[in-house]
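Below is one structure, written out as C-alpha cells; comments come after it.
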Amino acid sequence: MAEDEPSGALLKPLVFRVDETTPAVVQSVLLERGWNKFDKQEQNAEDWNLYWRTSSFRMTEHNSVKPWQQLNHHPGTTKLTRKDCLAKHLKHMRRMYGTSLYQFIPLTFVMPNDYTKFVAEYFQERQMLGTKHSYWICKPAELSRGRGILIFSDFKDFIFDDMYIVQKYISNPLLIGRYKCDLRIYVCVTGFKPLTIYVYQEGLVRFATEKFDLSNLQNNYAHLTNSSINKSGASYEKIKEVIGHGCKWTLSRFFSYLRSWDVDDLLLWKKIHRMVILTILAIAPSVPFAANCFELFGFDILIDDNLKPWLLEVNYSPALTLDCSTDVLVKRKLVHDIIDLIYLNGLRNEGREASNATHGNSNIDAAKSDRGGLDAPDCLPYDSLSFTSRMYNEDDSVVEKAVSVRPEAAPASQLEGEMSGQDFHLSTREMPQSKPKLRSRHTPHKTLMPYASLFQSHSCKTKTSPCVLSDRGKAPDPQAGNFVLVFPFNEATLGASRNGLNVKRIIQELQKLMNKQHS
Ligand code: ADP
C-alpha cells in the first residue's frame, strides 16, 4: 500500500456510470461485483471508474478521461461497423496484401457508387450460370437487426437506396436440422496502440426458425438469422428438428455438434481467429490514439457447407439484452469477463503510469505518448489503485483477488485455452453434459500454451517486481476468463505491434502461419 495514501480511500468501492442506453446486464453485473452506481447529485463529476454506454464518446470526452477511468468505446471504430466502410477497408487490404488472405467477405458492392460494377458482375454471372440462379442480398449500410434487407435472384426485384450494399448471398450455408445459422463472436480490443485483441471462447449461434428454402427468398424466418426477427415468428416456440426450442445455441454446443460429425472444429476456430485479426488490421493503423478505453465488437460469421467462414458484418455495441436462457448463460459471464480483462489491463496501465510518475513524467506527456494509460494522479482515490500499490509490495494473489470477484459466476461451459503448433492461441470446447459421438481430431483440453507461457514468464517471473509495472514492451496477458489473446500471437507480431503498427510484417506472419497449416 502506498504509504502516503489515506487508508479510508482504499475502501471506496469502484463506481460505474451509465446512461439510458446502457444494457441492464452491465449494471446488474457491476452491482453484483460490489460496484456503486455514479450519482451526479451526490458525487464529484470525476468520481467514477467506468462509463459504459451504447453510443460512442465525443473526442472531448476521450481527451478528458482521467487515469482511473475507462470508457467502453474507442474512437474511430465505426469504420469497421458500418457495412459500407467495412467493405471498403477490406477491399483496400485485398488490394494491398492479396486476395488469398482477404477472401472471407462475400463479394460486396457499395451503392450507388458501385452500381455499374454490380450490374456488370450480375449479368456476367447470369451468363455463366445459364439456367441456374445467382443470389444477392441488399442491406442498408447503417441499419441492424435485419431491418430493410432484401434477398433477390432476379434483377427486376433489385431495389436500393443510397447507403446500401449489395452482397453475394451465401446460398449454401451450413444447415443444422435444415435450419440456417450464423455465429456471434465477441471480440474485445483492449488497445489499438499497441494493438491487443482478445476473442471470447464462448458465444452465440443464431438460427433461422423456418427451414432453408431458396425457392422462397421473401421468407425472412428462413433466410435471416437475427433473433429480433425470429423471436416473433410462429416457429420460435416450437421444438424444431435438432435445434430444439427458440433460436439460439451457445457456441460450445455448436462446436460440440460439429465434433459429433467429425468436423475439425479447431481448424474452423483458427480460421475465425485469423479473420478477426485481418479485419481489425484493416482499420488499426488509422484509429486515433486514445487512452483508457476498449471496444467490444460482435462479429457475425456465417459458415458455408464447405466449412468456410464468411464475415457478414461487425457490430458496434453488440446486443447484451437477455432474451432467453442461452443469452443469460453467455452474456452475464461475458460482462464479468470483460470487467476482469479491462481491470487487469487497467491495473497494468495504472501501475505502469504510477511507475512513470515517480520518474517525473507529466500527464500531458503521457497522454501524447503511444501508450494505453495516463499518468498517475496526485491522489489515487479508488480501490483499483490501492490494488496497484499492493502489486508493488505484496504477493500476486492480491491482484488475482482484485480481478476475480465474481459472486455468481454463470455456469458456462468449461473452455480451456490451447495452443496449436508453435505460436497461436486456440481453444477446445466441451459441452458440460454431452459426449461427442466421434472422437475429435485434436486433443481436447491441452493445457500446454507455449506462447502463452512465454507471455507469463515475461510478466510473472518474480513476485516482488512484476514487470507489468515498468516494462513498456511487455506482452499482454494471455487470458482473462473466457477471453483469449489472439493478437499479438508470437514474438514477431508483438514486436510489429509496438512503436507503430507494422501491418506488412504482421501479414507476413499470418501468411507463414497459414502456409504451416496448409502444409
Ligand atoms: P444486420 O445488421 O441487419 O443484422 P447482417 O449483415 O448481419 O445485417 O445480416 C442479417 C442476416 O442476414 C444475417 O444474420 C444472415 O442470416 C443474413 N445474411 C446477411 N448477409 C448474408 C450473406 N451475404 N449471405 C447469406 N446470408 C446473409
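The values are calculated or read from the model by the stated rules, or taken from the named source; none is laboratory data. Everything numeric here is computed off the predicted structure, so don't read it as measured data. Backbone-built Cβ (ideal geometry, glycine too); neighbour counts: all protein chains shown. Note: areas computed on protein heavy atoms with side chains; ligands, DNA, RNA excluded. Shrake-Rupley method; radii C 1.70, N 1.55, O 1.52, S 1.80 Å.
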### Summary
When segment 87-116 is checked residue by residue, the ones that are aliphatic (A, V, I, L, M) and more than 21 Å from residue 302 (Cβ to Cβ) are 96, 111
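Hey, could you check segment 271-290 for residues that are in contact with a Gly (Cβ under 9 Å, 6 or more places away or on another chain) and open to solvent by 10 Å² or more (accessible area, probe 1.4 Å) and say which is nearest to the ligand (Cβ to nearest atom)? Don't jump to the end; show me each part of the working.
First pass over segment 271-290, keeping only residues in contact with a Gly (Cβ under 9 Å, 6 or more places away or on another chain): 283, 285-288, 290.
From what is left, the residues that are open to solvent by 10 Å² or more (accessible area, probe 1.4 Å) are 285-286, 288, 290.
Working: 285: 25, 286: 23, 288: 25, 290: 26 Å.
If we take residues in segment 271-290 being in contact with a Gly (Cβ under 9 Å, 6 or more places away or on another chain) and open to solvent by 10 Å² or more (accessible area, probe 1.4 Å), then 286 is nearest to the ligand (Cβ to nearest atom).
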### Query
Counting only residues that are open to solvent by less than 20 Å² (accessible area, probe 1.4 Å) and out of contact with any strand residue (DSSP E or B) (no Cβ under 6 Å at 6 or more places or on another chain), which one in segment 100-113 is nearest to residue 161 (Cα to Cα)?
102
### Task
May I ask you to list the residues in segment 8-41 that are part of a helix (DSSP H, G or I), modelled with pLDDT under 95 and in contact with a helix residue (DSSP H, G or I) (Cβ under 9 Å, 6 or more places away or on another chain)?
9, 10
### Task
Working only within segment 183-219, note down all residues that are touching a Gly at 6+ places or on another chain (Cβ under 7 Å) and within 12 Å of the ligand (Cβ to nearest atom).
183, 184, 209
#### Entry: Single unsatisfied condition, residue 71 versus (1) in the same structural domain as residue 290 (by the TED database); (2) within 15 Å of the ligand (Cβ to nearest atom); (3) open to solvent by less than 10 Å² (accessible area, probe 1.4 Å)
(2)
### Query
Going through segment 116-132 one residue at a time, which ones are away from the ligand (no atom under 16 Å from the Cβ) and either aliphatic (A, V, I, L, M) or surrounded by 15 or more Cβ atoms within 10 Å (Cβ to Cβ) (or both)?
119, 120, 126, 128, 129
### Residue in segment 313-322 that is farthest from residue 248 (Cα to Cα), counting only those that are within 15 Å of the ligand (Cβ to nearest atom) and open to solvent by 40 Å² or more (accessible area, probe 1.4 Å)
316
### Task
Scan segment 247-270 for residues that are touching a Ser or Thr at 6+ places or on another chain (Cβ under 8 Å) and within 16 Å of the ligand (Cβ to nearest atom) and jot them down.
247, 248, 249
#### Entry: Within segment 74-107, considering residues that are assigned to a loop (DSSP other than H, G, I, E, B) and within 13 Å of the ligand (Cβ to nearest atom), the one farthest from residue 52 (Cα to Cα)
107
### Summary
Restricting segment 33-50 to residues that are surrounded by fewer than 17 Cβ atoms within 10 Å (Cβ to Cβ) and touching a residue at least 24 places away in the same chain (Cβ under 8 Å), the one nearest to residue 66 (Cα to Cα) turns out to be 43
### Query
Is at least one residue of segment 324-335 part of a loop (DSSP other than H, G, I, E, B) and open to solvent by less than 10 Å² (accessible area, probe 1.4 Å)?
no
### Options 66, 91: the member that is free of Cβ contacts under 8 Å to residues at least 60 places away in the same chain and not small (Gly, Ala, Ser)
91
### Residues (near the ligand (Cβ under 10 Å from one of its atoms) and within 16 Å of residue 217 (Cα to Cα)) located in segment 140-151
146, 147, 148, 149, 151
### Query
Is at least one residue of segment 136-146 open to solvent by 30 Å² or more (accessible area, probe 1.4 Å), among the basic types (Lys, Arg) and out of contact with any Leu (no Cβ under 7 Å at 6 or more places or on another chain)?
yes
### Query
Can you tell me how many residues in segment 152-172 are in contact with a His (Cβ under 9 Å, 6 or more places away or on another chain) and within 12 Å of the ligand (Cβ to nearest atom)?
2
